[in-house]
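The values are calculated or read from the model by the stated rules, or taken from the named source; none is laboratory data. Since we're looking at a predicted model, the values are computed, not measured. Reconstructed Cβ throughout: ideal geometry from the backbone, glycine too, with neighbour counts over all protein chains shown.
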Amino acid sequence: MTARTGRAVVLEEFNASPRLREFPLPQAPDGGVIVACGYGGICGTDLHLQQGHLDIPTPLVLGHEGLGVVRELGAGTRHDATGAPLAAGDTVMWASSIACGVCPPCRLHREPTLCERRRTYGVNRALADGPELSGAWADHIVLEPGTTVIKVPDATDPLAAMSLACAGPTVAHALYERRPVRLGETVVVQGSGPVGLAAAAFARLAGAAKVIIVGGPAGRLARAASAGIGDVHLDIVGAADPEAVLQQVRAATGGGGADLVIECAGVPAAVGQGLTLARRGGSYLIIGQYTDAGDTLINPHQIVHRQLDVVGSWAFTGAHLVEYVRLLPALTAHFDLASLVTPFPLERHADALTAVADGSVMKAVLMP
Ligand SMILES: [Zn+2]
Ligand SMILES: [Zn+2]
């Protein structure tokens, strides 16, 4: 048996490079699982965590999206979230957060994504709270009871599964529950990061007739196109005249605007633009403004005159991760998801964060 220690990337202070540290590996907790992480995804949220934009405890192990192999099951753990038998050696993914189940959003409003006390691996689990190995940027993670764990079919390429590890469940929540895509719709997606690509890919699987991605920079749009995601790709980031690009988007919808516009850009100004891209009677689904990036100017007349349904969607729960994993065979049959991923060894976590920050990679994944 190998030594019972694990290495993990620890955020010790904001705006400083995280550090690789070693911790003892405990026994699997009752009802929990110890997973040998093979892959830990880096998400835009991790940049915000590192830069201190969110109120989180430090030091903590980073990594809220991962895929790995079950090393040890705690007493009483026998099945994954779907009821399938779980054993050491199985490849799994796990949901980043556990809803408390008792706060008003959980119990009364039937909205566990809005839980007031959700605990999230790699985000709000301080080292001091233990177990220390509580993030996916590590060679092991200790999953506590209540974690949604789902087996990943052996035939699935792990890099493909990791490509949309956080974006996929986020969009599953938005498109399953907040505003589904209907057959034959024309859909505009604002943003060409992982969330935008997940939205565009899911919209196609859901039966959209045409999917237009407006985003940038151009390299990201080219990567989306070569992965087979989206029918039309328009660069607004590098455009000298953004209004001209918005006109091109409207023209690509047939002139009248999209049935559904999905905001995945995360830039406040995108919202004022997005309102003008929907047809009269259409819908605007806003997913990208996960971090509070500030105020923006909108023309509310656009909402009333177009009679828009404007809908927000926040985060995801374990159920949405299960839906994402179930969709993986269909997603990988249609789209080259693995091509979106750039792997980095765990030791190169700082380089990987830099690459995500400067947009030179679509999706960085750390591999212990
Ligand atoms: Zn994320
Ligand atoms: Zn709750």
Report summary line: (1) farther than 23 Å from Gly130 by Cα; (2) buried (at least 17 other Cβ atoms within 10 Å of the Cβ) all hold for Gly38 apart from (1)
Report summary line: Among the residues of the range 290-308, the number that are surrounded by 14 or more Cβ atoms within 10 Å (Cβ to Cβ), within 20 Å of Pro180 (Cα to Cα) and more than 13 Å from the chain's Cα centre (by Cα) is 3
Query - Leading residue by the ranking (surrounded by the most Cβ atoms within 10 Å (Cβ to Cβ)) among those in the range 99-124 that are in contact (Cβ under 8 Å) with a residue 60 or more places away in the chain and within 16 Å of ligand 2 (Cβ to nearest atom) - result: Ala99
Query raised in the report: Within the range 62-72, is even one residue acidic (Asp, Glu), away from ligand 1 (no atom under 16 Å from the Cβ) and assigned to a loop (DSSP other than H, G, I, E, B)?
Result: no
**Report entry** Top-ranked residue of the range 73-118 - restricted to ones that are outside any loop (DSSP other than H, G, I, E, B) and more than 21 Å from the chain's Cα centre (by Cα), ranked as farthest from ligand 1 (Cβ to nearest atom)
**Finding:** Pro85
Requested in this report: Only residues that are at pLDDT below 95 and at positive phi: list them for the range 4-45, please.
Outcome: Asn15
Query raised in the report: Is it fair to say Ala81 is farther than 25 Å from Ala350 by Cα, buried (at least 19 other Cβ atoms within 10 Å of the Cβ), more than 16 Å from ligand 2 (Cβ to nearest atom) and not polar (S, T, N, Q)?
Result: yes
Query raised in the report: Mind checking which pairs have a first residue in the range 275-299 that is of a type in the set (Asp, Glu) and a second that is assigned to a loop (DSSP other than H, G, I, E, B), Cβ under 9 Å, 6 or more apart or different chains?
Result: Asp292/His53; Asp295/Pro268
Report summary line: Here the residues within the range 201-236 that are surrounded by 19 or more Cβ atoms within 10 Å (Cβ to Cβ) and part of a loop (DSSP other than H, G, I, E, B) are Ala208, Gly216, Ala227, Ile229, Gly230, Ile236
Query raised in the report: Looking at the range 173-186, is at least one residue more than 30 Å from Glu72 (Cβ to Cβ), polar (S, T, N, Q) and modelled with pLDDT of 95 or more?
Result: yes
